[in-house]
1. Do we have Gly193 as surrounded by fewer than 18 Cβ atoms within 10 Å (Cβ to Cβ), touching a Lys or Arg at 6+ places or on another chain (Cβ under 8 Å) and either outside any helix (DSSP H, G or I) or without any contact (Cβ under 8 Å) to a residue 60 or more places away in the chain (or both) here?
2. Scanning for something more than 12 Å from the chain's Cα centre (by Cα), outside any helix (DSSP H, G or I), surrounded by fewer than 23 Cβ atoms within 10 Å (Cβ to Cβ) and modelled with pLDDT of 95 or more, does segment 43-50 turn up at least one residue?
3. Out of curiosity, is Thr82 part of a loop (DSSP other than H, G, I, E, B) and at pLDDT below 90?
4. Have a look at Gly136, Gly141, Gly147 and point out the one that is of a type outside the set (Asp, Glu) and at pLDDT below 95.
5. Residues in segment 242-250: is at least one over 21 Å from the mean Cα position of the chain (by Cα) and among the hydrophobic types (A, V, I, L, M, F, W, C)?
6. Taking the condition more than 19 Å from Met91 (Cβ to Cβ), outside any strand (DSSP E or B) and of a type in the set (Val, Ile, Thr), does Val223 pass?
7. Name every residue in segment 227-246 that is hydrophobic (A, V, I, L, M, F, W, C) and touching a residue at least 40 places away in the same chain (Cβ under 8 Å), in order of residue number.
8. List every residue pair whose Cβ atoms lie under 8 Å apart, where the two residues are 6 or more positions apart in sequence or sit on different chains, the first residue falls within segment 5-19 and is within 13 Å of Glu186 (Cα to Cα), and the second residue, located anywhere, is at pLDDT below 80 and not acidic (Asp, Glu).
Amino acid sequence: MSPASGPLLGPVADAAARTAAVGTARLLAAWCTGSPLPEAADRRCEGVADLAVRRARVSQSLFFTDGATAALTGHRDDDPGTRDLSGHSEMIYDGANAYIRVADSWTGFFLTNPGGPRGPNDPLWPLDALFGASGGAVEIGPEAVRGVPATHYRLIVDLARADAAVPAGVSVPSGPYRSLRALPAEVWLDAAGLARRISVNSEPSAAAEAQVWSVVELWDFGVAAVITPPGPDEVLAPAEAYRLAEEESSARDA
């Protein structure tokens with residue numbers, strides 16, 4: 001069906017709940033400017049997710065995306081060196097909290113109750129936003145995601161609606177309240193109705209070429225994913241964690 005053939009909502013309305021109910025998956029998250037389709041340089045993290053307990057463990061670019069990390073560390077986007085320890089770090093997202101491994105320690109910034117809403121920087125934030133699927137969704141047509149046949153839809157998400165549907169609530173990016181109730185989004189659903197890619201435009205008021213899309217791709221549903229966040233006694237203050245890491249690095253170089 002072409003975009004001109006009219007609105008529909010059926011499979012899209014339940015896609016977020018159906019996908020979350022699968023339990024686990026591998027994931028890739030990206031930030032794209034001007035397009036809902038991620039390129040290799042747009043990737044910011046990759047790993048596994050336990051959707052049932054709202055956790056993800058990923059290897060994350062140090063500087064926003066792989067492209068930015070490559071530019072700032074002097075590597076090309078496709079250089080394997082951009083994925084070594086100098087360009088990526090291990091992170092665990094646990095609901096509202098995010099922990100980062102620094103050498104042999106864990107730290108975190110602005111840690112709160114993990115039962116709260118995921119922040120907009122969480123790789124699974126687009127899945128939460130999809131719970132706000134609102135109004136009509138338009139079928140664009142068949143497209144494959146990571147080799148899996150899927151159907152591409154264009155829709156609008158209402159973050160107020162998503163906040164009501166997600167027990168922990170949904171965090172919102174900055175912007176006028178009116179725009180947050182009508183964010184452009186695109187989703188690719190497989191034959192089982194599971195979301196294989198979700199792209200949400202978090203800056204619809206910006207010029208088209210400057211709009212930022214938050215993207216998550218999901219695959220290998222049901223994969224083993226045991227994710228254990230660090231306990232309170234394992235988390236150092238950021239200054240202490242980075243001080244110890246610097247001392248360890250200096251000792252190795254001596």
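1. Numbers: surrounded by fewer than 18 Cβ atoms within 10 Å (Cβ to Cβ): yes; touching a Lys or Arg at 6+ places or on another chain (Cβ under 8 Å): yes; either outside any helix (DSSP H, G or I) or without any contact (Cβ under 8 Å) to a residue 60 or more places away in the chain (or both): yes.
Yes, satisfied.
2. Taking segment 43-50 and keeping what is more than 12 Å from the chain's Cα centre (by Cα), we get 50.
Next, from what is left, pick out any that are outside any helix (DSSP H, G or I): 50.
With the extra rule that they be surrounded by fewer than 23 Cβ atoms within 10 Å (Cβ to Cβ), the set shrinks to 50.
Now restrict to residues that are modelled with pLDDT of 95 or more: 50.
So far as segment 43-50 goes, yes, one or more of its residues are more than 12 Å from the chain's Cα centre (by Cα), outside any helix (DSSP H, G or I), surrounded by fewer than 23 Cβ atoms within 10 Å (Cβ to Cβ) and modelled with pLDDT of 95 or more.
3. Values: part of a loop (DSSP other than H, G, I, E, B): no; at pLDDT below 90: yes.
When the stated conditions are applied, Thr82 does not pass them.
4. Step by step, each of Gly136, Gly141, Gly147 is checked, and only Gly136 is of a type outside the set (Asp, Glu) and at pLDDT below 95.
5. Residues of segment 242-250 over 21 Å from the mean Cα position of the chain (by Cα): 242-250.
After this cut, where a residue has to be among the hydrophobic types (A, V, I, L, M, F, W, C) as well, the list is 244-245.
Yes, there is a match, as at least one residue in segment 242-250 is over 21 Å from the mean Cα position of the chain (by Cα) and among the hydrophobic types (A, V, I, L, M, F, W, C).
6. Details: more than 19 Å from Met91 (Cβ to Cβ): no; outside any strand (DSSP E or B): yes; of a type in the set (Val, Ile, Thr): yes.
Considered against the rule, which asks whether it is more than 19 Å from Met91 (Cβ to Cβ), outside any strand (DSSP E or B) and of a type in the set (Val, Ile, Thr), Val223 comes out as no.
7. At the first step, the residues of segment 227-246 found to be hydrophobic (A, V, I, L, M, F, W, C) are 227, 235-237, 239, 241, 244-245.
Listed by number, the residues that qualify are Ile227, Val235, Leu236, Ala237, Ala241, Leu244, Ala245.
8. Pairs found: Leu9/Gly135; Leu9/Gly136.
The values are calculated or read from the model by the stated rules, or taken from the named source; none is laboratory data. Please read these numbers as outputs of a predicted model, since none were measured by experiment. We place every Cβ from the backbone using ideal geometry, glycine too, and count neighbours over all the protein chains shown.
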